[in-house]
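What follows is one structure encoded as structure tokens, with my remarks underneath.
Nothing in this text is a laboratory measurement; each read-out follows from the coordinates by a stated rule. For clarity, every value in this text was computed on a predicted model and none was experimentally measured. Backbone-built Cβ (ideal geometry, glycine too); neighbour counts: all protein chains shown.
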Amino acid sequence: MINCILAGVGGQGTVLASKLIAQTAMGKGKNVRTAETIGMAQRGGCVVSHVRIGEEIHSPLVPLRSADVIIGFEPAEAVRSLPYLKEEGIVIVSQKDIKPVTDSLANTNYEGTEMLDYLKSHVKRLIIIDVEPIFAACGSTRVLNIALLGAAAAAGVFDISLAEIERTIEHKLPQQFIAMNLKALRAGAKTAIKE
Amino acid sequence: MALELLMGNQAIALGAIRSGVGVVTGYPGTPSTEILETVAKRNPGIYVEWSVNEKSALEVASGAAFAGFRTMVTMKQVGLNVASDPLMSLAYLGVKGGMVIVVADDPGPISSQTEQDTRHFGIFAKLPVFDPSSPEEAYLMIGDAFEYSEKYNTPVLFRPTTRVCHGYATVDLEEKRFEVKAEGFIKDPKWAIFPRLSYLNHLKMEARQPVLSEDFSSYRYNSLQGSGKKGIASGGISYAYTCEALSNLKGECKIFRVATPHPFPEKLALEFLTGLDEVLVIEELDPVIEKELVYLCGKHHLPVRIMGKLTKHIQNAGENSVESVSKAVSEFLRIPIHPVKPSEDMPALPVRPPVLCAGCPHRASFYAVKQAMKGRKAVFSGDIGCYTLGNAKPLDMVDTCLCMGAGITIAQGLHRAEPDAVNFAFIGDSTFFHTGIPGVINAVYNETDIVLIILDNSTTAMTGHQPHPGTGKTMMGNISEKIKISEVLKALGVKHITTMNPFNLQDSSAAVEEAAANKGISAVIFKSPCIAVADPAPVFSVDSDKCTGCKLCIKELGCPAIVKDNNKVRIDASLCYGCSICAQVCPFKAIGGAN
């Protein structure tokens, strides 16, 4: 069984990323289950997608200390989900922080770098992705989810190849977004390999 | 047969389509919304509508069911409160075509006002309840629900919870669709409820309960497994957690899975209880299965200790998880587990409550009202929708929120208690059509001084942008006559009605001040589309030479696109929708548009 947590902020596209993982795994004849955050929390709140790939899966929720991989769409959200990670699990995280309004109002001075430092000292296998060059190359900030997915696939965490995810993107995304997302996927994969 | 990755709600929709459903109605509400949307998307020729509210939805479906159509009605748990009037009477009349009322419960609650348990409605109305534990099971179970509905000529409740509704799983779809040949409506006194008929039907309903209970004892998803002196009873998603916990703990005991909590499968339950010393009941929301088992032990003098929510072995609020269930099971079976200790050195994490989106017109509307009422005694009654998020600081503009449509009437009660305050009621467009209109009539009729603020963003935003009577689009893809809120208000007798673009802050504020000066009910309609359905305007940016770092924009508006940057502020271009209100608020003219 492979357990995966995708943690981010509402609007970052965690649901689509988790669906693409699940769809690709299913295409390979695996059994999958996911649990999504949909509704009120999506408005800028914390969102977590659970994806489980295996033979016999009961719960759609990943138990604590059971995730093989956490894909952090934002540094603090990766830290928040860390209790899900297995001892030997891997964390793939975007470097770019998102500062909530509450932080500016309360002057709590949240900095993503502090979270990344914490991850560096607490996670054995950590891949930090600088998403800015990928955004620049793709001409959009809306490709974060796919870039991280590319990084995760390249790191070999799901037993799914990059080519297999490419095929899912080609089949499942609207025609006009395919080229941009394939570019982001490959860019994410390349960054992960360099790390 | 074809495998497809489906969300639970999609599986329910496709299961209903497979079962030959002919009419589908509902009102959006998390976590139920995608069911009806999927029926509309994969429509093989079914009539499907977003009704104006859940009561209307159930009544429309009742008419079709009287004529022999298979019908499905979808809503969230609190929606059934609105539809409870037709539900209770329909239970007495019954149906001809199968009717499945899908009511999604939300343990947590994750996106709801209450943690009410729809299984109680089944008990209250004496209707069968089906409780699926996974998307693939829901796909098949809804077909069973239609069959039971027709076999017993009664509407049935189908009660998934959030983790079934919003989880994806591999579902094996059947291509063949069940064909329903509706007989049509045949006139008969049995379709008109009268006291005498109710009495006679009540007798039949009571006689039916034990028959259904017996029938459910052999229902395919009610099951007994395992052996021993200890037993676990469970249902819904908690059953999945139980299986996971037992598999992780390598624990063994007798397991009773309850897929039809009402009428309770008594015969099967007795078979489960026989020979047991102790039972742990694992369920979410209320102790429904637990109370049934306690009752059966009393009725049959069984010396079995029943544990669960009533004995504090299971939490009595919030949703279950693999961890909470594992802990309860490990204590029950006395198999030790190592609890996961929270990390002690975790840094302070940013608090991230849901907020109004950058560019949301509601932010401008709330701000305009707030400015107009500065220094005055005013109470702001809110309602259900995205705009409930106007409660967050710095706007802090939702003083009360109760249920759909209640803001308008609560403001009237507040006025009777505090006539010296200006009492505002905020309501969105979809909620206005849902249950807002009677409250407006109430204020006109009783001559109550309130200011009604309509937040018209031309969609049902919170649940994912469904059309409503004001949008002129239907779920059959037709364009209908748009119902204009201003004309509705006028027809209801509201004398002062102004329509404003909220992004013009100064004029909006002036309009609110003027409205507050009137006697009786006066209305300001803030009309501007939701950012998700409108094209974004060019983004704004901060001139760092002019920005003094006063952060007034952040403190006044709380827009997620405005962030602190060293000692100044910056606009995150990827979030900005160019709504312009920060530029209007900045005292140093440091924020500007694209040019």
Ignoring everything except DSSP H segments at least 4 long, calculate the 222 nm mean residue ellipticity for chain A; use -39,500 (n - 2.57) per segment, divide by total residues, nearest 500.
-13500 deg cm²/dmol
Against the 2.2 N^0.38 Å rule of thumb, the C-alpha Rg of region B:203-242 sits at a ratio of 1.56
Show me the trypsin sites (Lys or Arg not before Pro) within region B:207-314 that DSSP assigns to loop and that have at most 11 other Cβ atoms within 10 Å of their Cβ.
B:ARG220, B:LYS229, B:LYS250, B:LYS312
Report the rotationally averaged projected area of region B:1-141 based on its alpha-carbon convex hull, in square nanometres.
8.1
Report the one residue of B:CYS550, B:ALA392, B:ILE408 whose Cα lies farthest in the direction of the positive end of the charge dipole of the protein assembly as shown (charges on C-beta: Lys and Arg +1, Asp and Glu -1; origin at the Cα centre).
B:ILE408
For B:GLU344 and B:ARG416, what is the calculated FRET efficiency with R₀ set at 56 Å and r taken between the beta-carbons, to the nearest 0.05?
0.55
In nm, what is the difference between 0.36 nm times the number of residues separating B:LYS393 and B:ASP545 and their Cα-Cα distance?
51.9 nm
Could you give the nm distance between label points at B:ALA2 and B:LYS204, where each point is 7 Å from its Cα heading toward the beta carbon?
4.1
Would you mind checking region A:156-195 for residues with the amide N under 14 Å from a putative spin-label position 7 Å along Cα→C-beta of B:SER574?
A:184-185, A:188
Past the 20 angstrom mark, what percentage of all C-alpha to C-alpha distances in region B:223-333 do you count?
30
Kirkwood hydrodynamic radius of region B:361-527, Cα pairs, Å
15.6
Here, B:ALA317 and B:LYS176, labelled 7 Å along Cα→Cβ, have an inter-label distance in nm of 5.1
Could you work out, residue by residue across B:551-563, how many beta carbons of other chains sit within 10 Å of that residue's beta carbon, and then give the average as an integer?
3
May I ask you to derive the relative contact order of region B:361-527, considering only C-alpha pairs under 8 Å and at least 6 residues apart, and to give it as an integer percent?
25
Would you kindly state the longest site-free stretch of chain B, with sites defined as GluC sites (Glu not before Pro) in a DSSP loop (not H, G, I, E, B) surrounded by at most 15 other Cβ atoms within 10 Å?
B:1-173
Filter the GluC sites (Glu not before Pro) in region A:1-97 to those in DSSP coil with at most 11 other Cβ atoms within 10 Å of their Cβ, and list the result.
A:GLU55, A:GLU56
Over the protein assembly as shown, what lengths in whole Å, largest first, do the semi-axes of the equivalent ellipsoid take, defined as the square roots of 5 times the eigenvalues of the alpha-carbon gyration tensor?
42, 37, 24
For a paramagnetic label modelled at 7 Å from the Cα of B:ASP277 toward its Cβ, which residues of region B:293-308 fall within the zone defined by backbone nitrogen distances under 15 Å?
B:303-307
For region B:140-294, state what percent of all Cα-Cα pairs lands in each successive 10 Å bin, counting from 0 Å until the bin that includes the largest distance.
9, 31, 31, 19, 8, 2
Give me Rg over Rh for region B:42-92, both radii from the alpha carbons and Rh done the Kirkwood way, two decimal places.
0.97
Over the whole of B:352-365, what's the average partner chain Cβ count within 10 Å per residue? Rounded to a whole number, please.
4
P(r) of region A:9-124 in 10 Å steps, Cα pairs, percent per bin?
13, 41, 34, 10, 2, 0
Return an integer: the convex hull volume of the alpha-carbon atoms of region B:197-288, in Å³ per residue.
110
Cα centroid separation, region B:68-105 to region B:268-315 (Å)
29
What percent antiparallel are the DSSP beta bridges of chain B, to the nearest 5?
25
As straight-line cross-link partners of B:LYS482, the qualifying lysines (C-alpha separation under 28 Å, not fewer than 8 residues apart within one chain) are B:LYS41, B:LYS55, B:LYS76, B:LYS473, B:LYS490, B:LYS495, B:LYS527
Please work out whether region B:544-595 counts as rounded, prolate or oblate from its C-alpha gyration tensor, where a ≥ b ≥ c are the square roots of the eigenvalues and a/c under 1.5 means rounded, while otherwise a/b larger than b/c means prolate and anything else oblate?
rounded
As a check on your grasp of the helix formula, calculate [θ] at 222 nm for chain B: sum -39500 (n - 2.57) over DSSP H runs of n ≥ 4, divide by the residue count, round to the nearest 500.
-10500 deg cm²/dmol
Using unit Cβ charges (K, R positive; D, E negative) and no other charged atoms, how large, in debye to the nearest 20, is the dipole of region A:122-195 about its Cα centre?
40
Could you tell me what percent of the DSSP beta bridges with both partners in region B:361-527 are antiparallel, to the nearest 5?
10
Just going by the charge dipole of region B:361-527, with Lys and Arg at +1 and Asp and Glu at -1 on Cβ, which of B:GLY382, B:GLY477, B:PHE526 is farthest out on the positive end?
B:GLY477
Could you give the distance between the Cα centres of region B:512-575 and region A:89-133, to the whole Å?
27
Per residue of A:26-39, how many C-beta atoms from partner chains lie within 10 Å of its own C-beta, taken as a mean?
6
Taking a spot 7 Å from the Cα of B:VAL351 along the direction of its beta carbon, which residues of region A:68-108 have an amide N less than 13 Å from it?
A:100-108
Within region B:319-425, report the trypsin sites (Lys or Arg not before Pro) that DSSP leaves as loop and that have at most 14 other Cβ atoms within 10 Å.
B:ARG334, B:LYS374, B:ARG376, B:LYS377
Does chain A classify as rounded, prolate or oblate by the C-alpha gyration tensor (a ≥ b ≥ c root eigenvalues; a/c under 1.5 gives rounded; else a/b over b/c gives prolate, otherwise oblate)?
rounded
Viscosity 1.306 mPa s, temperature 10 °C: what is the translational diffusion coefficient of chain B from Stokes-Einstein with a Kirkwood Rh over Cα pairs, rounded to a whole number of µm²/s?
60
Could you give the size of the charge dipole of region B:361-527 about its Cα centre, using +1 on the Cβ of each K and R and -1 on the Cβ of each D and E, expressed in debye and rounded to the nearest 20?
180
Farthest toward positive dipole pole in chain B [+1 Lys/Arg, -1 Asp/Glu at C-beta], among B:ILE17, B:SER56, B:GLY68:
B:SER56
What nm value, rounded to one decimal, do you get for the distance between B:LYS151 and B:ALA192 when each label is placed 7 Å out toward the C-beta?
3.4
Please state the shape class of region B:352-391: rounded when a/c is under 1.5, otherwise prolate if a/b exceeds b/c and oblate if not, all from the C-alpha gyration tensor.
prolate
With Cα coordinates, the longest principal axis of chain B makes an angle with the long axis of helix B:237-249, in degrees rounded to 10, of 70
